[in-house]
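The values are calculated or read from the model by the stated rules, or taken from the named source; none is laboratory data. Note that the structure is predicted; figures quoted are calculated from it, not measured. Cβ atoms come from the backbone with ideal geometry, glycine included; neighbour counts cover every protein chain shown.
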Amino acid sequence: MIVRMRDDQCFKMLPARRFRGVWLDEFEGSIFIEGARDVKTAKAELRRSLAVPVGNGEWLDWEDTKRNSVLPPSANARLIAIDFVGRRTAYPKRYGHMGMFNSEVIVDRVISARPIYEASVAYLEHEPTPN
């Protein structure tokens, strides 16, 4: 039998601390942009990180039960202003979906989360006209 272990049981994590930024929640994607406060800044940072094929950016992870209790699932990509307590991986490696991110942050406790933008498609980068 194959059992998936939580990432914090597999990787060394830094101590818990408070994080603030914007989370891109999309199909097969969960990217965290620490320090971003608005849609324009978040989209600029996402465009910059997408220009690098692999090993750039930060994956945001949590148990599905916590994620769904914060915001209901959506079929469209969305940006969420988020403030939470969490832990970051201690060493750069290959994390997240298909190992495409150089670090990961695990959400332990959400302080606040509110949508600030919703795309009309499943992937933000596939929007017909990026804003």
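Observations on the model:
- One residue stands out among those in region 77-100 that are farther than 19 Å from H126 by Cα and among the hydrophobic types (A, V, I, L, M, F, W, C): the one that is surrounded by the fewest Cβ atoms within 10 Å (Cβ to Cβ), which is M98.
- When the residues of region 28-47 are filtered to those that are small (G, A, S) and not in a strand (DSSP E or B), the one that is farthest from I82 (Cα to Cα) is A44.
- Just one of the listed residues (S69, S112, S103, S74) is surrounded by 16 or more Cβ atoms within 10 Å (Cβ to Cβ) and either modelled with pLDDT of 95 or more or hydroxyl-bearing (S, T, Y) (or both), namely S103.
- Residue ID - farthest from R17 (Cα to Cα), chosen from residues in region 48-57 that are assigned to a loop (DSSP other than H, G, I, E, B) and small (G, A, S): A51
- Qualifying residues in region 115-131 (those that are of a type in the set (S, T, Y) and at pLDDT 80 or above) - the one surrounded by the fewest Cβ atoms within 10 Å (Cβ to Cβ): S120
- Scanning region 28-47 for residues that are of a type outside the set (G, A, S) and surrounded by 12 or more Cβ atoms within 10 Å (Cβ to Cβ) yields I31, F32, I33, E34, R37, D38, V39, T41, K43, E45, L46, R47.
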